[in-house]
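Single-structure report; data block below.
The values are calculated or read from the model by the stated rules, or taken from the named source; none is laboratory data. These numbers were taken from a predicted model, which means no experiment stands behind them. We place every Cβ from the backbone using ideal geometry, glycine too, and count neighbours over all the protein chains shown. The protein model used for the area step is the full one, side chains on, heavy atoms only, and it has no ligands, DNA or RNA in it. Shrake-Rupley method; radii C 1.70, N 1.55, O 1.52, S 1.80 Å.
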Amino acid sequence: MNMKRELIAKNLKRSVLFQDASASELSSHAELARVMVIPQGQYVYRKDDPSEIFYIIAMGKAEIILTRDDGTNTIVGRIGMGGHFGETGILSAKPRSVAVRALCNLVVICFDKRYFKSSLLANNRIHSRLDAALAERLRVAFLDQAHTTNEQQPNRKKSEANDVILLKNKSVPKYRIPRVIKSQNDAIRQSRTAQKTQAAINRFAANSAPYILTAEAGTGKSIIAQQIHFQSDRADNPYREIDLREYESSSLERKLFGTEQSAYPFTQTRQTGVLEQASGGTVVFTHVHLMSKALQKCLLQAMASSTFTHVDSDQTLDVQSRIVFISTFTLDHLKKTEKILPDLLNLFEKQNFTVPPLRRHKEDLPRLISHYLDRYSKEYGKKIHDLSSETLGILMSYDWPGNLTELSSVIRRAVMLTKNDEILPEQILLGLPKSEGKWEYNILRISWIRKLLSNWIFPRVPQIIVGFFLLITVLTLFFGPHNPVANAGLTMAWYIGWPLMFFSFFFLARIWCSVCTLAVPGTLLQNLIKPQRKTPPFIKNNSGWIMAVFCIIVFWVEIVWDAYNAPYLTGGIILIITIGSVIFSVLYARRSWCRYLCPLGAVNAIFAMPSIVELRSNRHVCLNSCQEHSCFAGDSAAPGCPMFRHPYLVDNNRDCIMCAKCIKTCNNSSIQLNVRLSPEELWAQKNPRNADSFLIISMGAIFFPFALQTRFSQLVELLVKAIAKLGMTIPDFLAGSFIFFAFILVFQLAYYLMVTFQCCYAKMKKREVLPLLGYGFIPLILAGYLAVHLEFFVSGAGRIVPNIQELLGWQYSYENIRLISSDSTYVLKTLTVLGGLLASLYATYRVIERTLAESVFNSSALIIPFSFLFTLAGLFLFIV
């Protein structure tokens, strides 16, 4: 008996509570203690058991298990020799809040509740150390809860958006798993792609080997990993997901492997790593290309040996968690870029699956749409279970670049918009919402600006002013002096109006389109006729190319036939654009001409993208608070967006004419008019278009014949003479046309070759780079045009005074009409081009960074596109 008491006293001495206790005190406590032996895997107690005993570990280890509200278990800590547990329930007089399980054969010293209160707590030294341990436990529990909330909440939102082909719920009670899987297997038989996905799930769930899932963003990879977990024999154990974008590599190793126990044994809760917390469960790493090489080596060693150690300890622990990798890059890409260690990738050689994008299994769309309709109908208290056949056709013909994330978002918005039991085509807003930006200030917070844009004054009064001057311009072009220098219409068109439009691109985005009066006659007729026809799909689907061609034709006519010195031709161009607007306004609803066809709109759209202002919406308000969406759909008082674009989906200035109708109709203050530091849309385009890049590069080529107007005519003469020497004659306009389109052809070939070399050198995908890289060149090309138009404005705007004087028969003089000196103008032009070059260099850098995985980005990948930009800037400076 004395030997047993001495043994208990010796083990009590190891506890932080009894370290300073005398031998007699230890003997006294040992006499009233008892010893229990708990076999490995057995529970010392479970959650909600009565709190009757206080425990001190004499030998072995125990793990503390927290059962969450959703029924999942999480290992929150481990306690080793000398550690204590069980006092919280006794002190609070409540049942056990956690479970404790023997990690190995466990020997514990037990004190009953009465002795704990009457003797242990009566000892001031033991009581103070218990208080300190409890305070540390509460601090750690708070930090752990806060960290867990921050860590898991984004994943929960993400999983709701990335709803899956197969399983929606993030966690499913075990008793429901067989029934859920069976019902889904029945539905999956509708699709071969889904059957292959389910076969992969079944195969991975049947073993515990690591596996990797690869696919595009939004395909439901994380949810598939969850289903594999729930379908496996690990379903009762934790599922942990680590998004590598959210952690620094230096802190991730400690989070994963944990650190050694501190002076207070229970504080190991804070230092327990994910591998311990998810013991027996699954640990999933997303965006694995961001994992550091050092962490990969540690993880590889742990997976190969099935053991690991804490960061600051040599004691080995068993790896009981299954490791899963998720990547948006293919295995081939990960191998080529060497972002993942070859030995680590070899572990996934037999266990890998590529989740198909939604466009590859559109036969699943009706079932998925039905699922989302049911889900969001319940969420918003509606009864919508059907789509019109036209609506379904629209959804089936779309390629869904955002996959299930985008489909979920589109159906959700449609459910919010509809007021009937059926979703109609106009309620389908295809596209992904703009991501939140930084370095922006909403100037609608300034009361007078909000009042101005909310009032009928804008854009009506600016339209009247612009319309008045446009009418005077057209009348003067047709009925004024034939001498181009004396014609005020030419001065107002080419030396005042056209330059001011280009200046407005940078400062006011596409606002010129909102005050343009070329569309006014068509709008007036449209208000009378009220056409309901929709724009033909061919025009919608090819509008980028149509506008690019129209735009090039307008510049071709201007330059080759010298519209700058031809009043009738200039007036004809204005009238043709106006007639086009009238025809399409009469035939189709809203401003179809402006949105899909107008050549001036094409120039406005492209050059408005680098503007310092943008009109966007607060997508959280649009999605969660707004039920009317009158900014897009319109109401009884005003029609909807003339550009057929919901502000929720606007992610670039190309699609917004700044007409402020959405500001007037929005009752939730969701619309924002931001002044921004950087135009993210140049490198963050969700759907870059080849047509845009074609037009951008064409505008870069057209700059040269446009800027070299007098020299261009000399080039035409040289070409005509050269052909004449060959015994042939051609008219000047054919020679000019040849030179004009030769510039475009040369620049398009140069751009294509540059992209080809860039993709070969930097191992990039041409189909991604070709449409996207052109956006990075917009600031420089815009700067070139701004420099040329600055010269136009400075040298020619002053003509308007002698033009009017001559028209009225007064004395006039065309001498000394420059607004500022040539030297000052040259400095401003040079600074403009250099500013555009810097902006394009940064935008191009961001484009290249986007197309490469962040961690494989190398500055050498910028050599080719930067060389192209420097060459183009040098040519611009030489010309201007």
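A compact table of results
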item	result
Residues of the stretch 764-811 satisfying the condition of being basic (Lys, Arg), in a helix (DSSP H, G or I) and within 28 Å of Leu695 (Cα to Cα)	Lys766, Arg767
Selected residue [assigned to a loop (DSSP other than H, G, I, E, B) and over 30 Å from Gly281 (Cβ atoms)] from Leu7, Leu26, Leu17	Leu17
Meets criteria (farther than 30 Å from His287 by Cβ and in contact with a Leu (Cβ under 8 Å, 6 or more places away or on another chain)) for Thr405	no
Checking Tyr842 against (1) more than 45 Å from the chain's Cα centre (by Cα); (2) closer than 30 Å to Glu248 by Cβ, the condition it does not meet	(1)
Test: residue in the stretch 36-43 that is open to solvent by 20 Å² or more (accessible area, probe 1.4 Å) and among the aromatic types (Phe, Trp, Tyr)	yes
Matching residues, the stretch 310-342, being open to solvent by less than 50 Å² (accessible area, probe 1.4 Å), modelled with pLDDT under 85 and not in a helix (DSSP H, G or I)	His310, Ser313, Leu317, Lys339
Matching option when the condition is open to solvent by 80 Å² or more (accessible area, probe 1.4 Å), closer than 30 Å to Leu852 by Cα and at pLDDT 95 or above, among Leu745, Leu695, Leu677	Leu745
Pick from the stretch 17-35, criterion among the aliphatic types (A, V, I, L, M) and either over 55 Å from the mean Cα position of the chain (by Cα) or open to solvent by 20 Å² or more (accessible area, probe 1.4 Å) (or both), ranking: farthest from Asn124 (Cα to Cα)	Val35
Qualifying residue in the stretch 573-591 (condition: in a loop (DSSP other than H, G, I, E, B), hydrophobic (A, V, I, L, M, F, W, C) and either open to solvent by less than 20 Å² (accessible area, probe 1.4 Å) or in contact with a Lys or Arg (Cβ under 9 Å, 6 or more places away or on another chain) (or both))	yes
Residue pairs meeting the criteria (Cβ under 9 Å; at least 6 apart or on separate chains; first over 18 Å from Gly218 (Cα atoms), in the stretch 372-401; second in a helix (DSSP H, G or I) and among the aromatic types (Phe, Trp, Tyr))	Lys382/Tyr376; Ile384/Tyr376
The one condition in (1) in a loop (DSSP other than H, G, I, E, B); (2) at pLDDT 85 or above that Val108 fails to fulfil	(1)
Where Ile384 falls short, out of the listed (1) open to solvent by less than 60 Å² (accessible area, probe 1.4 Å); (2) at pLDDT below 85	(2)
Thr825 being at pLDDT 90 or above and either surrounded by fewer than 16 Cβ atoms within 10 Å (Cβ to Cβ) or over 30 Å from Pro481 (Cα atoms) (or both)	no
The one condition in (1) open to solvent by less than 50 Å² (accessible area, probe 1.4 Å); (2) more than 17 Å from Tyr495 (Cα to Cα) that Lys766 fails to fulfil	(1)
Condition met for Thr570 (closer than 24 Å to Phe458 by Cβ, open to solvent by less than 70 Å² (accessible area, probe 1.4 Å) and touching a Gly at 6+ places or on another chain (Cβ under 9 Å))	no
Odd one out for Ile53, checked against (1) touching a Cys at 6+ places or on another chain (Cβ under 7 Å); (2) at pLDDT below 90; (3) open to solvent by less than 40 Å² (accessible area, probe 1.4 Å)	(2)
Every residue from the stretch 283-307 that is open to solvent by 10 Å² or more (accessible area, probe 1.4 Å) and not in a helix (DSSP H, G or I)	His287, Ser292, Ser306, Thr307
Output for the stretch 4-24, where each listed residue is among the charged types (D, E, K, R) and more than 19 Å from Asp131 (Cβ to Cβ)	Lys4, Arg5, Glu6, Lys10, Lys13, Arg14
Conditions (1) at negative phi; (2) modelled with pLDDT under 85; (3) out of contact with any strand residue (DSSP E or B) (no Cβ under 7 Å at 6 or more places or on another chain); number of the one not met by Pro647	(3)
Ala414 being buried (at least 16 other Cβ atoms within 10 Å of the Cβ), over 20 Å from Val650 (Cβ atoms) and of a type in the set (Gly, Ala, Ser)	no
Residue within the stretch 478-488 that is without any contact (Cβ under 8 Å) to a residue 60 or more places away in the chain, of a type outside the set (Phe, Trp, Tyr) and open to solvent by 80 Å² or more (accessible area, probe 1.4 Å) present	yes
Which numbered condition Asn687 misses (of (1) more than 30 Å from Thr871 (Cβ to Cβ); (2) modelled with pLDDT under 85)	(1)
From Asp399, Asp374, Asp364, residue being on the phi < 0 side of the Ramachandran plot, acidic (Asp, Glu) and open to solvent by less than 40 Å² (accessible area, probe 1.4 Å)	Asp364
Thr535 being part of a helix (DSSP H, G or I) and either buried (at least 17 other Cβ atoms within 10 Å of the Cβ) or aliphatic (A, V, I, L, M) (or both)	no
Meets criteria (in contact with a helix residue (DSSP H, G or I) (Cβ under 7 Å, 6 or more places away or on another chain) and closer than 30 Å to Pro401 by Cα) for Leu828	no
Single unsatisfied condition, Glu349 versus (1) over 30 Å from Arg850 (Cα atoms); (2) open to solvent by 70 Å² or more (accessible area, probe 1.4 Å); (3) assigned to a loop (DSSP other than H, G, I, E, B)	(1)
Residue check for Ala58: under 26 Å from Leu26 (Cβ atoms), more than 51 Å from the chain's Cα centre (by Cα), of a type in the set (A, V, I, L, M, F, W, C) and part of a loop (DSSP other than H, G, I, E, B)	no
Selection from the stretch 230-261 of residues that are basic (Lys, Arg) and without any contact (Cβ under 8 Å) to a residue 40 or more places away in the chain	Lys255
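Yes/no matrix, rows are residues, columns are (1) at pLDDT below 80; (2) open to solvent by less than 20 Å² (accessible area, probe 1.4 Å); (3) polar (S, T, N, Q):
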| site | (1), (2), (3) |
| --- | --- |
| Ser232 | no, yes, yes |
| Asp236 | no, no, no |
| Glu241 | no, yes, no |
| Tyr247 | no, no, no |
| Glu253 | no, no, no |
| Leu256 | no, yes, no |
| Thr259 | yes, yes, yes |
| Phe266 | yes, no, no |
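Condition check ((1) crowded, with 17+ Cβ neighbours inside 10 Å; (2) at pLDDT below 95; (3) polar (S, T, N, Q); (4) not in a helix (DSSP H, G or I)) across all residues:
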residue: Leu837; (1), (2), (3), (4): yes, no, no, no
residue: Leu841; (1), (2), (3), (4): yes, no, no, no
residue: Tyr845; (1), (2), (3), (4): yes, yes, no, no
residue: Ile848; (1), (2), (3), (4): yes, yes, no, no
residue: Ser860; (1), (2), (3), (4): no, yes, yes, no
residue: Ser867; (1), (2), (3), (4): no, no, yes, no
residue: Ala873; (1), (2), (3), (4): yes, no, no, no
